[in-house]
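Before any comments, here is the structure.
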Amino acid sequence: MRFTTHHVTFEYDDVGNGVPLLLIHGYPLDRSLWRSQIEGLQAVARLIAPDLRGFGQSGDAPDVMTMDDYAADLKVLLDALNVKQAVVCGLSMGGYIALALLAKHPNMVKGLILANTRAGADSEQAREARHANAKKAFAEGVSPIAEAMLPKMLTDATRESRPSLATFVQAMMSKQRANGVAAALRGMAARPDRSDWIKSINIPTLIVTGSADTLIPPGESEAMHKAIPGSKLVVIPEVAHLSNIENPEAFNAAVREFLGRLK
Ligand code: MLT
C-alpha cells in the first residue's frame with residue numbers, strides 16, 4: 001500500500017485482524033524483514049509494516065534521519081490509518097525508533113516489543129565508524145556494507161543450512177540506496193542514551209533476542225530487562241541478529257503470548 005505526505009511516499013503492508021502491531025525494521029533492511037510475521041501473525045493482529053524513509057520502496061531521505069524523524073513519520077502514518085494506539089515492535093534500529101516513538105507519543109503505544117536492540121547510545125568510536133560507512137555507501141555502494149554485515153545477521157550454521165534465507169537477507173541489504181543507508185547511519189550516531197530513561201517505561205514490554213547475536217549481544221537485552229519494570233525477556237537459542245527471520249516460530253510464539261496477555 002502507498003501513502004504520500006509532505007511529498008514523501010511511504011510503502012507499507014497493512015494486513016490481518018486484531019490489535020494494531022506496528023513492525024519497524026532495522027538497518028540496512030526494509031519491510032520484507034517481517035515476511036514471516038506477516039504470514040504467521042495475521043490471524044492475531046493487524047500488522048502494519050512500513051518501509052522507513054530512505055529504505056525499500058519508500059521515498060528518499062534527507063542527509064540525516066534521526067530516530068525522532070523516523071518516529072515522526074510513523075506517527076503520521078498511524079494517524080493516516082486512524083490508528084490511535086498500537087503495539088510497537090522494533091528490531092535493532094527499529095527498537096531505537098520504537099523508544100523514540102514511545103518518548104514522544106506515549107499514549108499511542110499500548111505495548112512494546114524490543115527485538116535485538118539496545119537502549120544505550122554509540123561510543124565515540126562507533127560514531128566515527130558510522131560516519132565512515134556513510135561516506136563508503138556513496139563511494140562504493142551499499143553491497144560491501146551488506147556483505148560485511150551478513151555474517152552477523154544469521155549464524156554460520158543457518159547460512160550454511162539455509163542458503164536461500166542467506167541470499168534473501170543479502171539481497172534485502174544490497175538493494176538499499178546509499179541515500180537511505182547514510183541518513184540512517186548519521187541518525188543512529190546521533191541517538192540519545194536512553195539507558196536511564198527506560199526505567200520509567202510503564203507499559204507491557206517484551207524483549208526478544210538471539211543467544212548468538214554478536215551485533216547487539218544478549219547482555220544488552222538483559223540490561224533492558226532489568227531496567228524496564230515488569231518486562232519479559234525471551235532469548236532464542238542459536239540465532240543471531242535477525243531473530244525474527246532466523247527462528248520465526250519462536251519469535252512469533254513469544255509475540256503471540258505477549259499479545260494474549262495484553263487483552
Ligand atoms: C540494525 O540492525 O538495525 C543496526 O545494525 C543496528 C546498529 O547498527 O546499531
When each of 75/232; 84/263; 84/199; 152/175; 84/104; 152/232 is checked by Cα-Cα distance, pairs over 23 Å:
75/232; 84/199; 152/232
Show the residues, 5+ positions off or on another chain, whose built amide H is closer than 5 Å to the amide H of residue 117.
92
Spatial separation of Cα centroids for segment 4-50 and segment 204-263, in angstrom
19
Find out how many positive minus negative residues lie around residue 154, taking Lys and Arg as positive, Asp and Glu as negative, among other residues whose Cβ is under 15 Å from that of residue 154.
-2
Can you bin the chain into rounded, prolate or oblate? Criterion: square roots of the alpha carbon gyration tensor eigenvalues sorted a ≥ b ≥ c, rounded for a/c under 1.5, prolate for a/b above b/c, oblate for the rest.
rounded
Please report the carbon-and-sulfur percent of the accessible area for segment 181-227; probe 1.4 Å, protein heavy atoms only, DNA, RNA and ligands left out.
53
Exposure of residue 31 as accessible area (Å², to 10), given a probe of 1.4 Å and all protein chains
40
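Between residue 75 and residue 38, what is the FRET efficiency for a Förster distance of 25 Å, r being their Cβ-Cβ separation, to the nearest 0.05? Write down the numbers at each step before the final one.
On the way: r = 22 Å, r/R0 = 0.88.
It comes out at approximately 0.70.
Determine the per residue accessible area of the chain with all protein chains present and a 1.4 angstrom probe, expressed in square angstrom.
41
Let me have the relative contact order for the chain, percent, based on Cα pairs under 8 Å that are six or more residues apart. Display every interim value, and only then the final one.
On the way: 531 pairs, mean separation 53.9, N = 263.
Over the chain, the number comes to 20 percent.
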Does segment 109-184 come out rounded, prolate or oblate, given a ≥ b ≥ c as the square roots of the eigenvalues of its C-alpha gyration tensor, rounded meaning a/c under 1.5 and, failing that, prolate meaning a/b above b/c?
oblate
Largest fluctuation, 158, 209, 117 only, Gaussian network model of the chain with Cα springs under 10 angstrom, belongs to 158
What is segment 1-152 by shape, rounded, prolate or oblate, if you read a ≥ b ≥ c off the alpha carbon gyration tensor as root eigenvalues and call it rounded for a/c under 1.5, prolate for a/b larger than b/c, and oblate otherwise?
prolate
With a sphere of radius 9 Å drawn around the Cβ of residue 53, what net charge do the other residues whose Cβ falls strictly inside it have (Lys, Arg +1; Asp, Glu -1)?
-4
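When Lys and Arg each count +1 and Asp and Glu each count -1, what net charge do the other residues less than 12 Å away from residue 9, Cβ to Cβ, add up to? Could the numbers behind the result be given before it?
Numbers: positive: 2, 53; negative: 11, 51, 60, 73.
Residues close to residue 9 contribute a combined charge of -2.
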Please list, ordered by chain and number, the residues whose modelled amide H lies under 5 Å from the amide H of residue 190; skip anything fewer than 5 residues away on the same chain.
none
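So for segment 89-222, averaging the separation of alpha carbon pairs under 8 Å that are six or more residues apart and normalising by length, what relative contact order in percent results? Spell out each step's value before the answer.
Values: 158 pairs, mean separation 51.1, N = 134.
After rounding, I find 38 percent.
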Would you mind putting 194-207, 128-141 in packing order, based on average other-beta-carbon counts within 10 Å, highest first?
194-207, 128-141
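The values are calculated or read from the model by the stated rules, or taken from the named source; none is laboratory data. Quick caveat, the model's predicted, so the values are computed rather than measured. Neighbour counts run over all protein chains shown; Cβ positions are idealised from the backbone, glycine included. What goes into the accessible areas is simple: the full protein's heavy atoms, side chains included, and nothing from ligands, DNA or RNA. Shrake-Rupley method; radii C 1.70, N 1.55, O 1.52, S 1.80 Å.
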